[in-house]
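Read the structure below first, then the notes.
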Amino acid sequence: MRGGRTGHNNAEPVFMLGCPRSGTTLLASHLGRHPDVLALPETHFFPGSYGGNALSRARAQRDPARFFEYIWTRNPRIQDVSIDPMALREDFVAQGIHDARAALDLIFAHALKGTGKRRILEKTPRHIEQIDRILRWYPRAKILCVARDGRDVVNSLIDAPWTHSNAARHTALWRWCTQVSLDRAARHPDRVKVVQYERFVSDPEASLREICAFIGTPYDAAMLDSSIRTDTAPEWEKAWKGTATMAADTSALFKWRHHADPALMARREGIMRAELAALNLPLTGAPAARAPLRWSRPVFRLTHALRNALLTHVIHRSGAFRTRKPNPTKGADAA
């Protein structure tokens, strides 16, 4: 389904990507308060619904009803979107949906129904892995890549209740996400924008005005009203994302400066130095350092892809994200 057939503007969605714990939930919650913008919870559409076994997907695509089941049931995260699944299934069949791009369009159109809003904001940080596919599928879409100081991101990931505590892997992930964000923004300046978390938190209105100008939506002061509720974070995520749906808080900036181990922060900065400098973030003067070979970009991309394949088949399909409880020994730095 295309935007012209629904009366909505779902042909021009906004995608928000980035490294996890970079502030995507905070920014999406602000944008979701805009009268015209519907901010969805994370759909994980590409790894969860579109990903997996290509042969199984191809078989499912032969029949719209079966394709709906493939898209909907194998990805619990997409079920967080406020949609009537039976109505969605009926439209899959009635419109003969056979391809994933049309399926995502239809999901967007159903999400917009009855909201009075005209534009979708899809926020899944992990979709940065699919940024080139998004650019191909949606030539008129806008992409916001949220970038936060890597020293704070890694510390936040270590504290997050839903992920591992391997700081070296988190560092490699942040560096790769930052490199991809900066590269695509340079290659597609009219379609991809890097939004710096620190600048947004320091001056939300100025940043939101810039973002609205970039995505082609008039600025609205309602975005700064934290009393307006959004569905950016579903109930089962509120334990670690609750504060991220509220107002921007400057106390969240540069927490790494107060870390108990300054020497560790210096070593981490040395590895991140090039990316931190590219984002114009403050440096302490720590000498540049090289990451171990196993965390170099090509090796990390291979191991990350294999790990994500396992996550897609085990965690997404089992709904483990919903049943996983926060670890009381870990912090909850919302982002």
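The values are calculated or read from the model by the stated rules, or taken from the named source; none is laboratory data. Everything numeric here is computed off the predicted structure, so don't read it as measured data. Neighbour counts are summed over all protein chains in view; Cβ atoms, including those assigned to glycine, are modelled from backbone coordinates with ideal geometry. Only protein heavy atoms, including side chains, enter the accessible area calculation; ligands, DNA and RNA are left aside. Shrake-Rupley method; radii C 1.70, N 1.55, O 1.52, S 1.80 Å.
Side notes on the structure shown:
- Length-normalised contact order for the stretch 95-253 - Cα pairs under 8 Å, 6+ apart - percent: 19
- Dipole axis of the stretch 185-232 (+1 Lys, Arg; -1 Asp, Glu on Cβ), positive-most option in 222, 189, 202: 189
- Remark: the stretch 102-258 carries a charge dipole of roughly 440 debye about the Cα centre, counting +1 on each Lys and Arg Cβ and -1 on each Asp and Glu Cβ.
- Rounded to two decimals, the Cα radius of gyration of the stretch 25-67 over 2.2 N^0.38 Å is 1.70.
- Cα centroid separation, the stretch 77-96 to the stretch 140-187: 32 Å.
- For residue 255, a cut-off of 12 angstrom between C-alpha atoms picks up these aspartates and glutamates, skipping any fewer than 8 places away in its own chain: 149, 152, 198, 333.
- Nonlocal amide H pairs with residue 118, under 5 Å, H built at 1.01 Å: 37, 38
- Amide H to amide H distances under 5 Å link residue 123 with 16, 40, 43, where only residues 5 or more positions off or on other chains count and H is placed in the peptide plane.
- Rounded to whole numbers, the Karplus 3J(HN,Hα) couplings from phi for the stretch 277-282 are 5, 5, 8, 6, 8, x Hz, using 6.51 cos²θ - 1.76 cosθ + 1.60 with θ = phi - 60°, and x at Gly and Pro.
- Karplus-derived HN-Hα couplings along the stretch 245-260 (A = 6.51, B = -1.76, C = 1.60, θ = phi - 60°), whole Hz, x at Gly and Pro: 8, 9, 7, 5, 10, 5, 5, 7, 7, 6, 5, 4, 5, 9, 5, 5
- For the stretch 50-166, the solvent-accessible area with a 1.4 angstrom probe is 37 square angstrom per residue.
- Considering only alpha-carbon pairs that sit under 8 angstrom and 6 or more positions apart, the relative contact order computed for the stretch 67-153 is 21 percent.
- Check: the stretch 153-233 dipole with +1 on Lys, Arg Cβ and -1 on Asp, Glu Cβ, in debye: 420
- Long-range amide H partners of residue 143 with built H, under 5 Å: 15, 192, 193
- Phi angles of the stretch 23-37 translate, via the Karplus equation with coefficients 6.51, -1.76, 1.60 and θ = phi - 60°, into HN-Hα couplings of x, 5, 5, 4, 5, 5, 5, 5, 5, x, 7, 5, x, 9, 10 Hz per residue; Gly and Pro are given as x.
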